[in-house]
1. Are any residues in region 22-40 of a type in the set (D, E, K, R) and surrounded by 15 or more Cβ atoms within 10 Å (Cβ to Cβ), and if so, which ones?
2. Looking at Ala359, is it touching a helix residue (DSSP H, G or I) at 6+ places or on another chain (Cβ under 8 Å) and either within 10 Å of Leu314 (Cβ to Cβ) or not in a helix (DSSP H, G or I) (or both)?
3. So for region 271-280 (the condition being assigned to a helix (DSSP H, G or I), in contact (Cβ under 8 Å) with a residue 60 or more places away in the chain, crowded, with 17+ Cβ neighbours inside 10 Å and touching a strand residue (DSSP E or B) at 6+ places or on another chain (Cβ under 6 Å)), does at least one residue qualify?
4. What number of residues within region 310-338 are of a type in the set (Ser, Thr, Tyr), under 21 Å from the mean Cα position of the chain (by Cα) and modelled with pLDDT under 90?
5. Return yes or no: is Met230 touching a Ser or Thr at 6+ places or on another chain (Cβ under 9 Å) and not hydroxyl-bearing (Ser, Thr, Tyr)?
6. Would you tally the residues in region 245-270 being over 19 Å from the mean Cα position of the chain (by Cα), surrounded by fewer than 18 Cβ atoms within 10 Å (Cβ to Cβ) and at pLDDT 85 or above?
7. Confirm whether Gly36 is assigned to a strand (DSSP E or B), closer than 29 Å to Lys8 by Cβ and either over 32 Å from the mean Cα position of the chain (by Cα) or not hydrophobic (A, V, I, L, M, F, W, C) (or both).
8. In region 124-139, what residues are outside any strand (DSSP E or B) and either modelled with pLDDT under 95 or on the phi > 0 side of the Ramachandran plot (or both)?
Amino acid sequence: MAITAQDKLKVKRLLRELKECRTPHTELVSVYIPAGYELSKIIQHLNEEAGTASNIKSASTRKNVQGALEKMIQHLRQYTKTPEHGLAAFSGNIAAAEGKNDFRSWAIEPPMPLNTRIYRCDKMFVTDILEEMLLDHHVYGLVVLDNRDATLALLKGKTFTIVQKTHSEVPGKMRAGGQSAHRFDQNRKNAIVQHYKKICEYMKEQFLSLGTNLKGIIIGGPGVTINDFMNHEYLTGDLQRKVLGTKDLAYTDEFGLQELLDKCDDLLSEEAIAEEKKSMNQFFMMFRENPNKITYGEKETLHALEMNAVDVLLLSEALPEEMVFSLSEKAELGGTIVKVISTETREGVQLRDLGGIAAILRFEISR
């Protein structure tokens, strides 16, 4: 499943707070509750840990551990059941000065289902599981081909990386003098078959080795070529099962890969690249048709936010992280949808070049 930019932003905000917390002793409590696990069992376990904590020799450490556990239990009792993806919860005394009390608790439903149960009391919060979820492990295999050439690439997030190129020995359609038409046609067909088989071998090597991280394969090229490639038994069953669809293309090199991405929004509908393109295309369409309903640049967009006129706020990942956080918080207070756009697409680069901040407005405002 794809993690939205908004989900990532929420996790990043929490991680920023958690990673700032440090204690000289093992006093900070982290709990990860798997999806479907009973909260009552977790609360029972935490109550038992609170009882065990009474044996801690240091009075201040004992007080802080027990206080953190009590705060955690109070927080968890607010939930009637474990959220769909599970729950990550944290609590502890984060007061900087010795002997001071500032017990805090945090909880978040992770953007992906948790399958690990953890209880830990340490000098810092356990954040590596949430950090791991922000990494994009899923990839798509992309193939663009015709009778002469083929290019294979991996799409990860919003960026494709070429992993294989191949060129066939298929002769052109004009036969050499003295060669019979039948023999020439047969040689040409045999060369095409060998070319297709070679592409399939490269697909196995480059794609199937990825295992469960491979979400699917998308194939593009001239329509006649694609039909010939797909309608014969060149693709083995394990490859066939991974093919999400095909697209009719004019190119088979890097231009072909970009053309394939531009045409397969339907196949990549869950991926961030399609969502970003959709948001930015909406902005540019409004820019052309009704420029009074958009803003771009920091000054004008902040003015629109102050007037609560922003429907969708577009922020470039090229902006400083602190700025993204503060603008997102400000926007969400007014019910504004926030979209964080990478610079790995053409549309994202355009937003960066517009100052990194833009907005689609609810209504026209005076400039």
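1. Within region 22-40, Glu27 is the sole residue that qualifies.
2. yes
3. Checked against the condition, which is being assigned to a helix (DSSP H, G or I), in contact (Cβ under 8 Å) with a residue 60 or more places away in the chain, crowded, with 17+ Cβ neighbours inside 10 Å and touching a strand residue (DSSP E or B) at 6+ places or on another chain (Cβ under 6 Å), region 271-280 yields at least one hit.
4. 1
5. Yes.
6. 7
7. no
8. Across region 124-139, the qualifying residues are Asp128, Ile129, Leu130, Glu131, Glu132, Met133, Leu134, Leu135, Asp136, His137, His138.
The values are calculated or read from the model by the stated rules, or taken from the named source; none is laboratory data. On a predicted model such as this, the values are computed, not experimentally measured, just so you know. Because the Cβ atoms are built from the backbone with ideal geometry, glycine has one as well, and the counts that use them run over all protein chains shown.
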